[in-house]
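Everything below concerns the one structure shown next.
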């Protein structure tokens with residue numbers, strides 16, 4: 001099975017405390033298909049000190065697959081690839097796997 005790869009353009013942290021989030025920006029030319037599985041390649045690491053922040057990808061939340069809760073930056077800081085599945089009702093990504 002071929003899994004398309006897309007390279008993240010930037011990773012930024014905004015807000016403070018409980019409102020903080022880590023945003024992964026994808027190229028504007030990338031349009032995910034509902035149900036599509038993608039590997040997001042991170043050119044830079046998720047910044048240190050963002051453990052409690054939740055992650056959005058191109059403005060849509062990243063959710064843990066098993067619980068449906070927001071994925072947190074904790075444990076993802078040194079990862080290079082996020083395997084995700086996109087859903088559009090409501091728009092969100094499910095985290096399927098991470099790779100170093």
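The values are calculated or read from the model by the stated rules, or taken from the named source; none is laboratory data. Worth saying up front: this structure is predicted, and the values here are computed from it rather than measured. All Cβ positions, glycine included, derive from the backbone under ideal geometry; neighbour counts span all protein chains shown.
Looking only at residues in segment 25-35 that are part of a loop (DSSP other than H, G, I, E, B) and in contact (Cβ under 8 Å) with a residue 24 or more places away in the chain, the one that is surrounded by the most Cβ atoms within 10 Å (Cβ to Cβ) is 32. Here residue 28 meets the list (1) in contact with a strand residue (DSSP E or B) (Cβ under 9 Å, 6 or more places away or on another chain); (2) over 13 Å from residue 82 (Cβ atoms) almost entirely, failing just condition (1).
When we screen 22, 44 for residues that are more than 14 Å from residue 96 (Cβ to Cβ), free of Cβ contacts under 8 Å to residues at least 60 places away in the same chain and surrounded by 16 or more Cβ atoms within 10 Å (Cβ to Cβ), the only hit is 22.
Of all the criteria given as (1) under 20 Å from residue 4 (Cβ atoms); (2) modelled with pLDDT under 95; (3) buried (at least 16 other Cβ atoms within 10 Å of the Cβ), the one not satisfied by residue 72 is (1).
Taking the stated definitions as given, is residue 38 surrounded by 13 or more Cβ atoms within 10 Å (Cβ to Cβ) and at pLDDT 95 or above?
yes
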